[in-house]
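In what follows, a structure is listed as structure tokens, so that the remarks can point back to it.
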Amino acid sequence: MTESGNGGMLQGVEGNTDEKQPFMSGSERTRALLFAVSFLVYAGFVSPGAYWIDSGELAAAGASLGIIHAPGHPLYAVFSYLASLIPYGPMGFRIALLSGFFASVSVVLVYDLVRHSAAASINSDAMLEAFASLSALVFAASGGLFLQAVRAEVYTLNLALLLFALRLALEWKFKSPHYDSKTMLRVAFVVGLGLANHHLLVVAFLPPLLILLLHHPQGRKVAYAQWYKLLLMGAAGLLLYVYLPIRTLTDPLFNYGDPRTLERFWDVLMAKSFQPSVGGDAVDLLANLEGATLMLVESLGIITLVLGILGCLILLRANRWLGVALIVAIVANLSTKLMMVLDPDNPDAAGYFLISMALICVLAGSGLMRLFSLKRRTYKAMAVLLGVTLCVSSAAGSALHLEKDDLSDLHTPAIVDAWMVKDMPPGSILMPIHPQLSFNRLYHTVVDGYRPDLVIVHQSMDRRIDGGAPYAAYMGRRHNELKTLFEESLATDRFPIEEAKKLSRVRPIFVEPHNQIEGDIPLEFLGSSGLYSQIVDASDENSNPRARVSFSDLASVIRSPHALNNDEKRIIGYLAASTAVLRLKQGQGTQADDALTALEYVFPTLDVRSLPVRWGRYTHTLGALTRTLKDGEQGGSTASFKGARVFARHCDYSSLLPN
């Protein structure tokens, strides 16, 4: 038996048809090996529990069949729920492992795409296998894919679906002019499933698919004849969105947007609350382009990018329509994030760019194969040398990514959550505002069952979604005793401080400090200690309890600052900086000093106490201001202490915590 040049998609039988067939062909063995190696590596580095960003929400909402943030991601919710049923390891590990599974599938699909895109140009099956495998492994070890593969996220599922749709479209193209409708119908169904996961990224991928499917007149003829079937297959995948209005009727703990009405369902589907972040004056396109380029270089390496460009130029000459389709795919994919505010340090940005990274690896492998296919030995030697160089550079880069993105021993989210709430009285109301802290608390409630007695109310009352009406209705059904709290918020479009003060007399309420909190809650109604501040009755001198938890306690149990990754540093640093500013404004030098010490622990190279704070023509450093307040607490009321308290209350802290 021999394989044809299309990479094993079609096989011709030579000689005796009764000849015993091998269990797996060479390409099938390679696929199996690539998947197994990738999956085992990812499994060894997967987070054992919650991770920061959206991972806590995605894992907990999936495990409890809740409704994830817009656009709802129903396909991921179903898959993650099924993954949570696997009887192995902690639940967070099982759901994070789902990302590793789809990442490994994507690695195999990159291998397939390289073979299909250049198989007709090379006669050596061994070199075809070598270059296709190298491209797949380069992508598997890339930093952009690795972090998405070891934490709960939607991006590797989206990547696998899009690459599979592209593979089907290539199969269709290579059947020219003998087209059939089955492949096109499969593409429509896969696209429908993708739309039920992350519709923005899938919509951006439609143009290259349409180019491959419709550029030939016979393809357009088949599509015209089967248009109603194509719509039905796409709609079959989209039917998963029915999950949202059905599941919301049960009031799950995760119930983003409460999509029980047609209007609310449409708002969730269209991600209405996120639309203001698209376009506008805040988007700097040139800065975004620079940031995206640096992200691609850091993830793939400069050699992979150069080979990708070379492969693109070669492919345009050898197979124009395929080259155009891949270029359009990369440009359209990058544009999905370039039209927003791009934060290169946010792993979600790399998640958006995964399809571009995969296709760059495909182009690099295709270019190497086509270079090797040229008759002159010089070109063949050059292709081999470039392949070896790519292998070495990728191995060096992957070593850095493996060390940086190893989440197998990550317990910081659990530790931070436990220490923040462990001293809260039973039945307390907890009001976080930072999404990562909110998701983290909900995760440990749902998955770990830690402190389920605490009622979690988002401090913003989710006013960005229809003024908070969906959230108020949903929370009112779950907690009837909190209805007056939400009624005041809806009536005033502000934090319900009056109802919160009344409720705090019978039930402890704790709020997360942040840089705008003084605009919502007067400082005299906030407790002056703890990682969260308790709302207190300013008229009662005994209502300001002293919390036993401090940042120094927390710092003593988290990982070494050198072992903390960027996401851990950002969230702990944010919490410490917010608390330090609040305590300084309250004139609490000892508590502010505790928070600044935590900042110094997390960022040992940052001279936090030398940062300037200003009020009018007066300037102090954070260290001097904190020291004056702390000395005043110990030495009694003095003129300098009183002046420091006035200055601390009104000065600008943007050097520490930008607005």
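The values are calculated or read from the model by the stated rules, or taken from the named source; none is laboratory data. A quick note: this is a predicted structure, and the numbers were derived from the prediction, not measured. A quick note on method: Cβ atoms are made from the backbone with ideal geometry, for glycine too, and the neighbour counts reach across all protein chains shown. Quick note on the areas: whole protein, heavy atoms, side chains included, nothing else; ligands and nucleic acids left out. Shrake-Rupley method; radii C 1.70, N 1.55, O 1.52, S 1.80 Å.
Residue check: Leu168 meets all listed conditions (1) free of Cβ contacts under 8 Å to residues at least 24 places away in the same chain; (2) farther than 17 Å from Leu326 by Cβ but one, namely (2). Looking at segment 32-43, is at least one residue of a type in the set (Val, Ile, Thr) and either at pLDDT below 85 or open to solvent by less than 40 Å² (accessible area, probe 1.4 Å) (or both)? The answer is no, given that none of the residues of segment 32-43 is of a type in the set (Val, Ile, Thr) and either at pLDDT below 85 or open to solvent by less than 40 Å² (accessible area, probe 1.4 Å) (or both). The number of residues in segment 603-643 that are in contact with an Asp or Glu (Cβ under 9 Å, 6 or more places away or on another chain) and over 15 Å from Ala580 (Cβ atoms) comes to 5. Taking the residues in segment 611-632 that are more than 40 Å from the chain's Cα centre (by Cα) and touching a residue at least 40 places away in the same chain (Cβ under 8 Å) as candidates, determine which candidate is farthest from Thr412 (Cα to Cα). Among those that are more than 40 Å from the chain's Cα centre (by Cα) and touching a residue at least 40 places away in the same chain (Cβ under 8 Å), it is Gly632. Segment 196-264 holds helices (runs of 4 or more DSSP H) entirely within its bounds, and those carrying 2 or more residues that are small (Gly, Ala, Ser), surrounded by 13 or more Cβ atoms within 10 Å (Cβ to Cβ) and in contact with a Gly (Cβ under 9 Å, 6 or more places away or on another chain) map to 227-238. The sole residue among Leu622, Leu575, Leu596, Leu629 that is under 16 Å from Leu656 (Cβ atoms), surrounded by 17 or more Cβ atoms within 10 Å (Cβ to Cβ) and touching a Gly at 6+ places or on another chain (Cβ under 6 Å) is Leu629.
Is one or more of the residues making up segment 342-355 of a type in the set (Ser, Thr, Tyr) and farther than 24 Å from Trp52 by Cα? The answer is no, given that none of the residues of segment 342-355 is of a type in the set (Ser, Thr, Tyr) and farther than 24 Å from Trp52 by Cα. Remark: pairs (first residue in segment 48-70, surrounded by fewer than 22 Cβ atoms within 10 Å (Cβ to Cβ); second residue hydroxyl-bearing (Ser, Thr, Tyr); Cβ separation under 6 Å; 6+ apart in sequence or on different chains) = Leu65/Tyr81; His69/Tyr256. Can you tell me which residue among Val187, Val191 is in a helix (DSSP H, G or I), closer than 30 Å to Phe439 by Cα and open to solvent by less than 40 Å² (accessible area, probe 1.4 Å)? Result of the check over Val187, Val191: Val191. Beta carbons closer than 6 Å, at least 6 apart along the sequence or on distinct chains, pair a first residue in segment 390-409 that is in contact (Cβ under 8 Å) with a residue 60 or more places away in the chain with a second that is open to solvent by less than 60 Å² (accessible area, probe 1.4 Å) and assigned to a loop (DSSP other than H, G, I, E, B) for Ser393/Gly301; Ser394/Ala141; Gly397/Gly301; Ser398/Ala141; Leu407/Ser47; Leu407/Val150.
Is it true that Leu170 is at pLDDT 95 or above and either surrounded by 21 or more Cβ atoms within 10 Å (Cβ to Cβ) or under 17 Å from the mean Cα position of the chain (by Cα) (or both)? Spelling it out, it is not the case that Leu170 is at pLDDT 95 or above and either surrounded by 21 or more Cβ atoms within 10 Å (Cβ to Cβ) or under 17 Å from the mean Cα position of the chain (by Cα) (or both).
Considering each residue of segment 74-104, count those that are open to solvent by 40 Å² or more (accessible area, probe 1.4 Å), part of a helix (DSSP H, G or I) and either more than 21 Å from Asn440 (Cβ to Cβ) or touching a residue at least 24 places away in the same chain (Cβ under 8 Å) (or both), and give that number. Qualifying residue count for the region: 5.
Of the residues screened, Val608 is not one that is at pLDDT 90 or above and more than 33 Å from the chain's Cα centre (by Cα). Of a type in the set (S, T, N, Q) and open to solvent by less than 20 Å² (accessible area, probe 1.4 Å): does that describe Gln436? Answer is no for this residue. Only residues that are open to solvent by 10 Å² or more (accessible area, probe 1.4 Å) and more than 16 Å from Leu390 (Cβ to Cβ) were counted in segment 138-157, giving 2.
It is to be established whether one or more residues within segment 347-369 are over 15 Å from Leu294 (Cα atoms) and among the polar types (S, T, N, Q). Among the residues of segment 347-369, at least one is over 15 Å from Leu294 (Cα atoms) and among the polar types (S, T, N, Q), which makes the answer yes.
The set of residues in segment 641-653 that are surrounded by 13 or more Cβ atoms within 10 Å (Cβ to Cβ) and either within 39 Å of the chain's Cα centre (by Cα) or not hydrophobic (A, V, I, L, M, F, W, C) (or both) comprises Gly643, Arg645, Ala648, Arg649, Cys651, Asp652, Tyr653.
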